[in-house]
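First comes the structure, then the notes that go with it.
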Amino acid sequence: MPVIRIPAVLSTRTGGQTTVTVEGTTVREALEGVCRQFPDLGVLFGDDGGLRSGFLLGVNFNEELATLSDPVAAGDTIVVVAAVAGGRPAR
Amino acid sequence: MTLGPATLAEVFAHCAAAYPDEACGLVRASGLVRGCRNVQNELHARDPERFPRQAHNGYAFCFADALFLDASLTSDDPVAVVFHSHPDVGAYLSDEDVRAALVDGRPALPVHQLVVSVLEGVVAEARLFAFVGDTFAEAGRFDSSGACIVRASPGAGREPTVRQVDGAERTSEEAQCR
């Protein structure tokens, strides 16, 4: 089963757990599984069911961003982090 | 934390070097600066609808830098300030900056926001913002030498705190100017 690494800013929503092992063959299935276990993690998803823009996903600490549809296997680590972004005001 | 001239000199150099693009980075509680990689152009190239901004008018930490920040939060030297530059528009916290910093109306990260104004490639000033109550308020202003020229005290009686190396807390007023 894949492991989900919980970002520090959300660890209060998992009772302090920083990793959670869940079932799932895609990133989405795994994240939905952890949300069933810890409903407060529902903040990860937007109203449209997609990943909320305030978060980024990776698998096995690779630099490449992962998507919800990416496959995962037993032993994979899904890494969730808060996005850090912004933009200047219009001229 | 220490946000003094030496720390700000590093921040400003990173911002000036990125011009005309936006720069971004972070400052740890110890004052250590990490210039981060702005991947806004890569995101835009991949999905221009989801990421309409480019590096000249937006910034996004790469995944490794975002992970570094996250990991620091449980270390003895947590990130205390996220900075980015605004080329040629002034040191304001834009609507997009605020939108991106909040989740459900609360800061996604326990950090202050430093915005650096870069005009024609030269740093003009920087302004520090702290989340107080339900909004961001100016907590300090610095000139191009890194000297503190305005020491604000947002939300009198409820100053925001910055986590310290020893786990103690200080008000933003203590944290912002040295």
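Annotations for the structure displayed:
- Filtered by the rule that a residue be assigned to a loop (DSSP other than H, G, I, E, B), more than 8 Å from every other protein chain (Cβ to nearest Cβ) and under 24 Å from B:V123 (Cβ atoms), region B:68-89 gives no residues.
- Strands (runs of 3 or more DSSP E) (entirely within region A:1-85) containing at least 3 residues that are within 23 Å of B:V39 (Cα to Cα): A:55-59, A:77-82
- Looking at B:E42, B:E10, just one residue is at pLDDT below 95 and out of contact with any Ser or Thr (no Cβ under 9 Å at 6 or more places or on another chain), and that residue is B:E42.
- Scope region A:52-75; condition crowded, with 16+ Cβ neighbours inside 10 Å and of a type outside the set (A, V, I, L, M, F, W, C); matching residues: A:R52, A:G54, A:G58, A:D70
- Filter pass, A:T21 being without any contact (Cβ under 8 Å) to a residue 40 or more places away in the chain and farther than 24 Å from B:R106 by Cα: yes
- In region B:91-114, the residue that is farthest from the other protein chains (Cβ to nearest Cβ) out of those that are in a loop (DSSP other than H, G, I, E, B) and out of contact with any strand residue (DSSP E or B) (no Cβ under 6 Å at 6 or more places or on another chain) is B:G105.
- B:C36 in contact with a Phe, Trp or Tyr (Cβ under 8 Å, 6 or more places away or on another chain) and in contact (Cβ under 8 Å) with a residue 40 or more places away in the chain: no
- Within region B:127-144, the set of residues being in contact (Cβ under 8 Å) with a residue 60 or more places away in the chain and either surrounded by fewer than 24 Cβ atoms within 10 Å (Cβ to Cβ) or in contact with a Ser or Thr (Cβ under 7 Å, 6 or more places away or on another chain) (or both) comprises just one member, B:S144.
- Within region A:76-91, considering residues that are touching an Asp or Glu at 6+ places or on another chain (Cβ under 6 Å) and farther than 20 Å from A:T26 by Cα, the one surrounded by the most Cβ atoms within 10 Å (Cβ to Cβ): A:G86
- Among the criteria (1) closer than 22 Å to B:A29 by Cα; (2) modelled with pLDDT of 95 or more; (3) more than 8 Å from chain A (Cβ to nearest Cβ), the one B:A139 does not fulfil is (2).
- Members of region B:102-126 found to be modelled with pLDDT under 95, crowded, with 18+ Cβ neighbours inside 10 Å and under 12 Å from the mean Cα position of the chain (by Cα), listed by number: B:L109
- One residue from B:G25, B:G35, B:G90 being under 23 Å from B:E138 (Cα atoms) and at pLDDT below 95: B:G90
- Taking the criterion of being facing chain A (nearest Cβ under 9 Å) and either part of a helix (DSSP H, G or I) or in contact with a Cys (Cβ under 9 Å, 6 or more places away or on another chain) (or both), the residues of region B:40-67 that qualify are B:Q40, B:L43, B:R46, B:Y59, B:A60, B:F61, B:C62, B:F63, B:A64, B:D65, B:A66, B:L67.
- Count of region A:1-54 residues which are charged (D, E, K, R), within 13 Å of chain B (Cβ to nearest Cβ) and out of contact with any strand residue (DSSP E or B) (no Cβ under 9 Å at 6 or more places or on another chain): 4
- Applying the set (1) in contact with a helix residue (DSSP H, G or I) (Cβ under 9 Å, 6 or more places away or on another chain); (2) surrounded by fewer than 24 Cβ atoms within 10 Å (Cβ to Cβ) to B:A17 leaves exactly one unmet item: (1).
The values are calculated or read from the model by the stated rules, or taken from the named source; none is laboratory data. Model, not experiment: these values are computed from the prediction. Here Cβ is always computed from backbone atoms with ideal geometry, including for glycine, and neighbour counts include all displayed protein chains.
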